[in-house]
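Below you'll find the structure, written out as structure tokens, and then a few comments.
The values are calculated or read from the model by the stated rules, or taken from the named source; none is laboratory data. Please read these numbers as outputs of a predicted model, since none were measured by experiment. Please note: Cβ atoms are built from the backbone with ideal geometry, for glycine as well, and neighbour counts cover all protein chains shown. Just so you know, the surface numbers come from the protein's heavy atoms only, side chains and all, with ligands and any DNA or RNA stripped out. Shrake-Rupley method; radii C 1.70, N 1.55, O 1.52, S 1.80 Å.
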Amino acid sequence: MPPKQRTAAPQTVPGTPYSAAKPKSANDAQDILQGVWNRYVEKTTQRTKLLDSFMLFLVVVGALQFLYVVLVGNFPFNAFLSGFSACVGQFVLTASLRIQTNPENKADFESISHERAFADFVFGSLLLHFFCVNFIN
Amino acid sequence: MKFSFGLVSSLLLSGAPIAYAAAWSFEDATVSIASKGAGVGGASKDKLSATTPLAKTVSLGATDSLKLDLTTVDGKTAKRPHQAFLTLTDPTSGLEESFVLSVKDSGKGKVSLVGITSNCTGTINNSQTQKDLPHQFLTASKPIPASIVIGAFGSSTPYKHKVFDLTVTRGANVPLAIPEAPLRYAPEAEIHHIFREDPKSPPKIITIVFAAAVAAALPILLGLWATLGANVSHLSKALGAAPVSHALFYGSIIAMEGVFFLYYTSWNLFQTLPAAGLVGVVAFLSGSRALSEVQERRLAGLR
């Protein structure tokens, strides 16, 4: 998933503003998308891409569960809620970890080290797992 | 002799009322039917006897009025009784309706039933219209026995005998207002309720397919991570620097998931919480050590 680009804040990372990444033929939507993708692959750090792939995995799993419910109905309802909210909650936690560890956001999160963010992520995930296991009952 | 005869006769006379019990009755009774607008002379009159009922049936039409005159007597003396009614009895249901005779002190009494189309003419006595007759009388198929009832305080025998039969005929175009049947409470019909079926699980094959799809997503994720270079090379450096804390941290996370699995399968909450607390403490302590080691490496630019 392409990250949101920030235009403000002088960064140590050579984050060029979005406007400079205009493809040559601006009318072609295909070229725009290709340009966005190339920029994403180049500019995002490897750890951020690891988190992005994890979030993609969570989206796919959540979509599979939702498709299942649409097909065969939602009995038992608590099982669906538990599984789906596990996906959604994990996605939210991963997104917050990504925000906090993204080098482009360093100015916003001076006080929180990456390791502290990761520890919060682990703690939140374990709590989420506990509540989901409880709710499946 | 004359003296004794007079004495005996006076004794007999004075004892006569004591010897036989007096009974209420009536005399000079007439029932007359008058059609509306026919005037006084157009009435059909019948004399009533206290001992035998009238042979013919008296017919009351829609516009007719029935008038009953009599003189009540107690034994031989005309007196006013405490109660005097004309009572109509429905032959099929036994329903009775009584109309009060207004009786003067002299014993003369009357009552009239007036037909539906005429209204009160200002007479002193009660005038009932045909619609004051209960609707059962208006629809009776057999003649309705009408009896006189006379009762009072004292030792005289009261009077209650049928005196004539009444047939009530309605006008063909007069609508009959039958009131609704009254509300009666009784058990309702039995309810045979069929409960909704329990919800069923979907067919297993669909569930298996989707579970396999979710399970297949996991190796895809791992492969993606491997493609991105999942920092496995850092593992040796990390273990070299702080093996215990890294192993404990990773192991405690796995153990926590194991506690959740046991909670799902067999444990109850009171067994789970202490175990989770213990594993959590281990994770916290080892994690702070392990992550500070990671931070050193990150700040050194090695990550």
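One table, with the values for the structure above:
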{"item": "Interface B:A - total buried accessible surface [probe 1.4 Å, Å², rounded to 100]", "result": "2800"}
{"item": "Accessible area, probe 1.4 Å, largest first, for residues B:GLU180, B:GLU296, A:GLU115", "result": "B:GLU180, B:GLU296, A:GLU115"}
{"item": "Interchain or long-range residues, amide H under 5 Å from B:PHE26's placed H", "result": "B:VAL73"}
{"item": "Long-range amide H partners of B:LEU48 with built H, under 5 Å", "result": "B:ALA29, B:THR30, B:VAL31"}
{"item": "Length-normalised contact order for region B:204-299 - Cα pairs under 8 Å, 6+ apart - percent", "result": "33"}
{"item": "Probe 1.4 Å - accessible area at A:CYS132, Å² to nearest ten", "result": "20"}
{"item": "Separation of alpha-carbon centers, region A:22-91 and region A:100-117, rounded to whole Å", "result": "23"}
{"item": "Heavy-atom accessible area order for A:PHE130, A:PHE109, B:PHE153, B:PHE164, largest first, 1.4 Å probe", "result": "B:PHE153, A:PHE109, A:PHE130, B:PHE164"}
{"item": "Other-chain or far-sequence residues with amide H under 5 Å of B:LEU60's (modelled H)", "result": "B:THR167, B:VAL168, B:THR169"}
{"item": "Accessible area (Å², 1.4 Å probe, nearest 10) - A:HIS114", "result": "40"}
{"item": "Cα-based shape type of region B:218-303, given that a ≥ b ≥ c are square roots of the gyration tensor eigenvalues and the cut on a/c is 1.5", "result": "oblate"}
{"item": "Per-residue mean of C-beta atoms belonging to partner chains within 10 Å, peptide A:43-49", "result": "2"}
{"item": "Listed pairs B:LYS110/B:LYS142; B:LYS79/B:LYS110; B:LYS56/B:LYS108; B:LYS45/B:LYS76; B:LYS36/B:LYS108 exceeding 21 Å between Cα atoms", "result": "B:LYS110/B:LYS142; B:LYS56/B:LYS108; B:LYS45/B:LYS76; B:LYS36/B:LYS108"}
{"item": "Shielded by partner chains, region B:186-216 residues - at least 30 Å² of accessible area, 1.4 Å probe, vs chain alone", "result": "B:PRO199, B:PRO202, B:ILE206, B:PHE210, B:VAL214"}
{"item": "Cα shape, region A:63-137, gyration tensor, a/c 1.5 rule", "result": "oblate"}
{"item": "3J(HN,Hα) from dihedral phi, region A:103-116, Karplus parametrisation 6.51/-1.76/1.60, rounded to Hz, x for glycine, proline", "result": "x, 5, 9, 4, 5, 7, 10, 5, 7, 10, 7, 4, 5, 5"}
{"item": "Which of A:PHE80, A:PHE66 is most accessible, then next, and so on - probe 1.4 Å", "result": "A:PHE66, A:PHE80"}
{"item": "Chymotrypsin sites (Phe, Trp or Tyr not before Pro) restricted to region B:175-250 and DSSP loop, no more than 11 other C-beta within 10 Å", "result": "B:TYR185, B:PHE195"}
{"item": "Under 17 Å from B:LYS162, Cα to Cα: aspartates and glutamates that are on another chain or at least 8 residues apart", "result": "B:GLU27, B:ASP28, B:ASP46, B:ASP69, B:ASP90, B:GLU96, B:GLU97"}
{"item": "Neighbour cut-off at most 11 other Cβ (10 Å), DSSP loop, trypsin sites (Lys or Arg not before Pro), region B:46-110", "result": "B:LYS56, B:LYS76"}
